[in-house]
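These notes are about the structure you will find just below.
Read-outs throughout are calculated quantities, based only on the coordinates presented, and are distinct from any laboratory measurement. Source: prediction; values computed, not measured. Glycine also receives a Cβ, built like all others from the backbone with ideal geometry; neighbour counts cover every protein chain displayed.
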Amino acid sequence: MALRQIRIEGDPVLNKVCKEVKEITPRVKELIEDMLDTMYEANGVGLAAPQVGILKRIIVIDVTGEDPYVIINPKVIEKSGEQTGYEGCLSIPGKSGIVTRPNFAKISYKDENFEDRILEGTELLARAICHEMDHLDGHLYTELVEGDLVNMEDLQEEAEEEEQ
Ligand code: NI
């Protein structure tokens, strides 16, 4: 297991446009493994290659903790509907903000074997797909946030108070 350092907002690498992957090389394979390890270690549901300083169009997503998707060179086929809710990013630790995203997303991409694939998802998966694809074009969710960023700790306290 190899962890990579997650780049934090303000690092210029997070604002660059990533390049398409042309083939699966040993280095790309290693990068994908490291991205999965790094995402799980950080308890994230998604990670994009620029977040570990690599300007390649690769993202990993796992919204259930046991069903990882390795997504290379993704292209949007369809986005529809709308969902509004809190969103966070491993590059903006401890913060969260309200973002409106499509409630459905369908993409084409290549998997870790460079096979053509289609993925469609709703709710959290759709949100993760859109969030991570934005990273590949140098965009962070803070550009879309409605209102102020809040501390995740405050959100958790609010949720606990509501439960009581
Ligand atoms: Ni992010």
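Would you mind checking the pairs K29/K106; K29/K95; K75/K106; K56/K110 and listing those with alpha carbons more than 19 angstrom apart? Each step should come with its number before you reach the end.
Numbers: K29/K106 25 Å; K29/K95 31 Å; K75/K106 9 Å; K56/K110 13 Å.
K29/K106; K29/K95, as the Cα separations exceed 19 Å there.
With everything on Cα atoms, drop me the angle between helix 152-163 and the longest principal axis of the chain, reported from 0 to 90° to the nearest 10.
50
Helix 123-136 versus the longest principal axis of the chain: what angle, 0 to 90°, nearest 10, using Cα atoms?
Roughly 60 degrees between the two axes.
Through the Karplus equation 6.51 cos²θ - 1.76 cosθ + 1.60, θ set to phi - 60°, convert the phi angles of the range 98-113 into ³J(HN,Hα) values in whole Hz; use x for Gly and Pro.
7, 9, 8, 10, x, 8, 9, 9, 10, 10, 10, 6, 10, 8, 5, 9
222 nm [θ] for the chain, helices only, -39500 (n - 2.57) per DSSP H run of 4+, per residue, to 500? Before the final figure, lay out the partial values.
Details: 3 runs with 42 residues, N = 164.
Taking each H run of at least 4 residues, the total per residue is -8500 deg cm²/dmol.
When V145, V76 are ordered from fewest to most other Cβ atoms inside 10 Å of their Cβ, what list results? Intermediate values should be presented prior to the final figure.
Values: V145 19, V76 13.
Ranked by crowding around the Cβ, least crowded first: V76, V145.
Looking only at Cα atoms, what is the convex hull volume of the chain per residue, in Å³? Mind dumping the intermediate values first?
Working: hull volume 19.5 nm³, N = 164.
Convex hull of Cα atoms, per residue: 119 Å³.
How far is helix 26-41 tilted off the main Cα axis of the chain, in degrees rounded to 10, range 0 to 90?
Between the helix axis and the principal axis of the chain, the angle is about 20 degrees.
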